[in-house]
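Colleague: Next up is a structure, given as structure tokens.
Since every read-out is calculated from the coordinates, none of them should be taken as a lab result. Predicted model, so just to flag it, every value in this text is computed and none were measured. FYI the Cβ positions are ideal-geometry reconstructions off the backbone, even for glycines, and counts take in every protein chain you see.
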Amino acid sequence: MVNLTIDGKQISASENTTIMEAARQNGIPIPKLCYLKGINEIAACRVCVVEIEGKDKLITSCNNMVEEGMIIYTNSPKVRRNRRTTVELILSQHNCECVTCIRSGNCSLQRVANDLNIIHIPFKMEIEKQPWSKEFPLIRDSSKCIKCMRCIQVCDKVQSLSIWDVEGTGSRTTINVAGYKKIEEAACSLCGQCITHCPTGALTERDETEKVWNAIADPEKIVVVQIAPAVRAAWGEELGLSREEATVGKIIDVWRRLGADYVFDTSFSADLTIMEEGTEFLQRFTSGELKDRPMFTSCCPGWIRFIKSQYPHLVKYLSSAKSPQQMFGAVMKTYFAEKLGVSPEKIYTVSVMPCVAKKSEREMDLYHGEYVGHDVDAVVTTRELLRMIRAAHIEPSTLMDQESDRPMQEGTGAGVIFGATGGVMEAALRTAYYLLKGENPPADAFQAVRSTGFNEHQGVQEAVFQVDDVTVRTAAVSGLGNARALIDKIERGEAQYDFVEVMACPGGCVGGGGQPIHDGEELAFERGKNLYYLDKNADIRYSHENQDVQKLYEEYFEKPNSHKSHMLLHTEHMK
Ligand code: HC1
Ligand code: SF4
């Protein structure tokens, strides 16, 4: 241990602890902009400078270690002056249009500048705005970029894609798509991790809230909403609601108040996905088709984009099942439209997702005899949902739990855990066991595929299950860098699996690129625990026991993997 003093407080810290970390452990937060633990510790912004007694030069606290006897000041007049000039210089290259900025109120730069009482910017440089497509689901505004490098590092180190790079030199240094490409030409997975790790409004999702407001206002349209599993684990964070208070029932109330005609829970179609994908897995597994390579899950569009660009020869090993979002869209525009006695074109489908890539996945075509558009018409992220709640002046404390609509009402615990890494696999194994044995396994029999935290396990959970004489080798992986490492192992013949779940975002959808932002803080594991809690307390925990899904088969699809299911619920992953 090392003994030192920070701001007059005597403390002890382990050796090799940074000054910033030692201060944080002792309730002394040091302002920062570029720092991201374990990902970006490069002292690029110099906002975290501190003064060391006896030394002239200020040092950065994020990459300097504590030393025995150090006397540190984190907020001395000299530190404040220096920090203030640093932030003023950053602001001189920033467009500072806070009133119209999506991150206003949740921007690290705004907070640091406010805390330093910067009410006038003494310097101003000309700010050039790089061109960007308004159509792409990921939007970048270069005039808000502070060159902190977080996006470069998270894309490179966590997601292994290196979409971003530094461009130009001197005062014209900026960040842009690597290789002077347009973003549409790059292999962007649309996982959105660069957005959730950006300290400012330089990176955002394409806004679809106006489209949704317009659809709600259109008397010709029947607006049908679905709410993804992971949204319930995070939407309350910015509204001051505890995890217990922030229920999916209250999100349903939100949508009824916003004027949606019908509201459903995506857990229903997660159960439907399990019926389709579980049946497909058993068929491919028993036919010997998976001897060399596993079947990969297909519900994460970030992962689908990744495999298509990085391992195109493995696309044929993806499950052909559409994701729960797409399956629900297809069911809404066919089965449900028929129930209502209206044509599919009248139905306007909206998804509330923790995800940016779902905005691109939604473009999947829907054929119902003839082409009837897309499964899903608009995707709003959890953050966009929160903006709609604010725009409608809904007071969160007045929200009441409501049930989703019929007839696609029921969702099981198995459907809810889709939102956490390992959840799809666990739900599929519960049902695959039932399909093999004709009886249920204990509901927690496959919990070995759950993540127990990210640091120790690097986002990969492997498990082998024995069902009589059948052995199923599984892996669940989250984060595209982890996925790449796992696939490379499979390709080298160093690992063999039958079934692999991949989710692009660390921790799964709970850590999705459309979730509320907490200055790069990782909350996926905590949010995931919430979903497992909901599963544990659910009345039904097996997808095959979802009675509304059973009814859907009786009345419409006949059985999993039927001809009709193949037409509406499966895809060849061509687009
Ligand atoms: Fe997900 Fe899924 S779990 S992909 O993360 O399979 O987005 O929540 O909705 O479709 O169910 C996302 C979440 C979501 C789908 C489901
Ligand atoms: Fe979207 Fe979930 Fe995949 Fe992330 S893990 S890209 S949130 S589907």
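Colleague: Hey, with R₀ at 51 Å, roughly what FRET efficiency would E15 and D488 work out to, going by the Cβ-Cβ distance, to 0.05?
Modeller: Details: r = 35 Å, r/R0 = 0.69.
Once rounded, the FRET efficiency stands at 0.90.
Colleague: Another one. Taking a ≥ b ≥ c as the square roots of the Cα gyration tensor eigenvalues, with a/c under 1.5 meaning rounded and otherwise prolate when a/b beats b/c, else oblate, which class fits region 138-205? Provide the component values of the computation, followed by the final result.
Modeller: Values: a/c = 1.43, a/b = 1.20, b/c = 1.20.
Rounded, since a/c falls under 1.5.
Colleague: For T169, T74, T196, what ranking results if the residue with the fewest other Cβ atoms within 10 Å of its Cβ goes first?
Modeller: Ordered by Cβ neighbours within 10 Å, fewest first: T169, T74, T196.
Colleague: From the square roots a ≥ b ≥ c of the eigenvalues of the alpha-carbon gyration tensor of region 183-248, which class results: rounded (a/c under 1.5), prolate (a/b over b/c), or oblate?
Modeller: Oblate shape, in that a/c is at least 1.5 and b/c is the bigger or equal ratio.
Colleague: Limiting things to C-alpha atoms, what are the Rg and the maximum Cα-Cα separation (Dmax) for the chain, in angstroms?
Modeller: 24.9, 81
Colleague: Continuing with the same structure: If R0 is 30 Å, what FRET efficiency do you get for Q466 and D539 from their C-beta distance, rounded to 0.05? Provide the component values of the computation, followed by the final result.
Modeller: Working: r = 29 Å, r/R0 = 0.96.
Once rounded, the FRET efficiency stands at 0.55.
Colleague: Binning at 5 angstrom from zero up to the longest distance, how are the C-alpha pair distances of region 345-410 distributed in percent?
Modeller: Here the calculated profile for region 345-410 is 4, 14, 15, 19, 22, 15, 7, 3, 1, 0.
Colleague: Moving on to the next point. In percent, what relative contact order does the chain have, based on Cα pairs under 8 Å that are 6 or more apart in sequence?
Modeller: 15 percent
Colleague: Quick check for you: which residues of region 143-183 have the amide N under 19 Å from the point 7 Å beyond the Cα of D115 toward its beta carbon?
Modeller: The answer is 146-150.
Colleague: For a quick check: with amide H placed at 1.01 Å from N, whose amide H comes under 5 Å from M295's, ignoring anything fewer than 5 positions away on the same chain?
Modeller: F499, V500
Colleague: Would you please classify the overall shape of region 180-295 from the alpha carbon gyration tensor, given that a ≥ b ≥ c denote the square roots of the eigenvalues, rounded means a/c under 1.5, and beyond that prolate means a/b larger than b/c while oblate covers the rest?
Modeller: Since a/c reaches 1.5 but b/c is at least a/b, the shape of region 180-295 is classed as oblate.
Colleague: A follow-up question, please. Got a sec? Which residues in region 223-254 would a label at E403 touch, if it sits 7 Å along Cα→Cβ and we count backbone N under 19 Å?
Modeller: The answer is 225-227, 247-254, whose backbone nitrogens lie closer than 19 Å to the label point.
Colleague: Now for a separate question. Multiply the residue gap between T173 and K134 by 0.36 nm, knock off their C-alpha separation, and tell me the result in nm, one decimal place. Display every interim value, and only then the final one.
Modeller: Details: separation 39, 0.36 × 39 = 14.04 nm, distance 2.35 nm.
Stretched fully, the T173-K134 segment lengthens by 11.7 nm.
Colleague: Cβ under 9 Å from V449's Cβ, V449 left aside: what net charge do those residues give with Lys, Arg +1 and Asp, Glu -1?
Modeller: -2
Colleague: Pairs of Cα atoms under 8 Å, at least six residues apart: use those to get the relative contact order of region 401-529, whole percent.
Modeller: 22 percent
Colleague: Counting other beta carbons within 10 Å of each Cβ, put H518, H570 in order, fewest first.
Modeller: H518, H570
Colleague: Turning to a different aspect of this structure: Normalising by the residue count of region 2-115, find the relative contact order in percent from Cα pairs under 8 Å and 6+ residues apart.
Modeller: Once normalised by length, the contact order is 27 percent.
Colleague: On a C-alpha basis, how far is the centre of region 228-259 from the centre of region 63-117 in Å? Whole number, if you could?
Modeller: 33 Å
Colleague: Taking the Cβ of D253 as the center, what net charge do the other residues with Cβ under 14 Å away carry, scoring Lys and Arg +1 and Asp and Glu -1? List each step's numbers first, then the result.
Modeller: Values: positive: R232, K250, R256, R257; negative: E245, D265, E395, D401, E403, D405.
With Lys, Arg at +1 and Asp, Glu at -1, the neighbours total -2.
Colleague: Just want the ordering: R492, R541, R111, from fewest to most Cβ atoms lying within 10 Å of their own Cβ.
Modeller: R492, R111, R541
Colleague: Just to be sure I understand: of the beta bridges DSSP finds with both ends in the chain, what percent are antiparallel, rounded to 5?
Modeller: Working: 30 of 54 bridges.
Counting DSSP beta bridges with both partners in the chain, the antiparallel share is about 55 percent.
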